[in-house]
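First the structure, in the form of structure tokens, and then the observations on it.
The values are calculated or read from the model by the stated rules, or taken from the named source; none is laboratory data. This one's a predicted model, so the numbers in the text were calculated from it and none came from an experiment. No Cβ is skipped: glycine too gets one built from the backbone with ideal geometry, and neighbour counts run over all protein chains shown.
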Amino acid sequence: MSQIHFIGGEKGGVGKSLLARVLAQHFIDRRQPFVAFDTDRSHGALLRFYADYAAPAALDAHDSLDRVVEAAAADPARRVLVDLAAQTQGALVRWLDDAGVAAVAAELGLQLHYWHVMDAGRDSVDLLARWLDGPGAQLPLVLVLNELRGERFEQLETSGLLERASALGARRMRLRKLPDTLLQKVDASGTSFWAATQPGALGLLDRQRLKLWLQRADEEIDAIGA
């Protein structure tokens, strides 16, 4: 059964594109066929780091995301990964509603997943509340707590939103802390995570740190069932 994974969170800088890269590498490592769409016009991370798998998909028309469903329908074994740029949540929800995407997905046997990436700030909590209050909450939800953007999520934990999300069947994962300088080195290389773990791009122990970080992310993604 084909799966469509939307990577969102609405706020810029929370780590949406980082998670999209992690998922892309996860699918490659698990030998799961996939195709990716990058909606960021100016900083398309999937287009930069996983160009062999990604295509641009600017959300500037009512049918901009139609090919996402078409790509999933064309190959039942394929994952489809959509990295949503900041402030595109409204466009996604309108598309889901106007095109009756949920009904089409049910008819075709497609699984839809929305990954809501969060940092530790108040804005992320407010944006999650807005998502849960809106029509997009119909999508199966994965909450991603990005420790690279803050390790203490007290505001989220005391908001009552985790309980609301859990009642809707939401799953949860943590994207563990990775030293900023190490991630900057990986980004500067302009290569995939796999390439960054090979001799030459990083020092021996930095490669080991990156491998362990990816391994922990893989374990959490496997537990979610993506």
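What do you reckon, is A195 part of a helix (DSSP H, G or I), in contact (Cβ under 8 Å) with a residue 40 or more places away in the chain, within 23 Å of A51 (Cβ to Cβ) and hydrophobic (A, V, I, L, M, F, W, C)? When the stated conditions are applied, A195 does not pass them. Only residues that are assigned to a helix (DSSP H, G or I) and surrounded by fewer than 17 Cβ atoms within 10 Å (Cβ to Cβ) were counted across the stretch 156-171, and they come to 5. Condition check for D180 on (1) farther than 15 Å from E147 by Cα; (2) surrounded by fewer than 13 Cβ atoms within 10 Å (Cβ to Cβ): one failure, at (1). The C-beta contact set for the stretch 138-152 (first residue closer than 14 Å to K16 by Cα, second residue of a type in the set (V, I, T) and part of a loop (DSSP other than H, G, I, E, B), distance under 7 angstrom, 6+ apart or interchain) comprises N146/V14; R149/V14. Restricting the first member to the stretch 40-65 and to residues that are surrounded by fewer than 21 Cβ atoms within 10 Å (Cβ to Cβ), and the second to residues that are in a strand (DSSP E or B), the beta-carbon pairs closer than 6 Å and six or more apart or on different chains are L47/D38; L47/A54; Y53/A36; A55/F37; P56/D38.
Looking at A170, A165, A195, just one residue is among the hydrophobic types (A, V, I, L, M, F, W, C) and closer than 22 Å to H43 by Cβ, and that residue is A195. Residues in the stretch 74-86: is at least one in contact with a Pro (Cβ under 8 Å, 6 or more places away or on another chain), within 25 Å of H26 (Cα to Cα), of a type in the set (K, R) and surrounded by fewer than 19 Cβ atoms within 10 Å (Cβ to Cβ)? Within the stretch 74-86, one or more residues are in contact with a Pro (Cβ under 8 Å, 6 or more places away or on another chain), within 25 Å of H26 (Cα to Cα), of a type in the set (K, R) and surrounded by fewer than 19 Cβ atoms within 10 Å (Cβ to Cβ).
In the set A137, A61, A103, A57, only one residue is within 17 Å of the chain's Cα centre (by Cα) and over 21 Å from S166 (Cβ atoms); that residue is A57.
Of the residues D218, D187, only one is touching a residue at least 40 places away in the same chain (Cβ under 8 Å), surrounded by 15 or more Cβ atoms within 10 Å (Cβ to Cβ) and under 23 Å from F34 (Cα atoms); which? The unique qualifying residue is D218. Checking D133, D180, D218, D119 one by one, the residue that is modelled with pLDDT of 95 or more and not hydrophobic (A, V, I, L, M, F, W, C) is D218 and no other. The condition of being within 30 Å of P199 (Cα to Cα) and at pLDDT below 95 holds for only one of L148, L168, that being L148. Inspection of the stretch 117-130 identifies at least one residue that is assigned to a loop (DSSP other than H, G, I, E, B), closer than 20 Å to R21 by Cβ and touching a Gly at 6+ places or on another chain (Cβ under 6 Å). Taking (1) in a helix (DSSP H, G or I); (2) under 15 Å from the mean Cα position of the chain (by Cα) in turn, L143 satisfies each apart from (1).
Listed conditions (1) of a type in the set (V, I, T); (2) buried (at least 19 other Cβ atoms within 10 Å of the Cβ); (3) farther than 22 Å from G12 by Cα are all met by V142, apart from (3). Looking at the stretch 1-34, which of its residues are among the polar types (S, T, N, Q) and either free of Cβ contacts under 8 Å to residues at least 12 places away in the same chain or closer than 12 Å to F193 by Cβ (or both)? Selection gives Q25 alone. Scanning the stretch 172-187 for residues that are assigned to a loop (DSSP other than H, G, I, E, B) and basic (K, R) yields R176, K177.
Given the criteria of a type in the set (A, V, I, L, M) and at pLDDT 95 or above, does L96 qualify? No, not satisfied.
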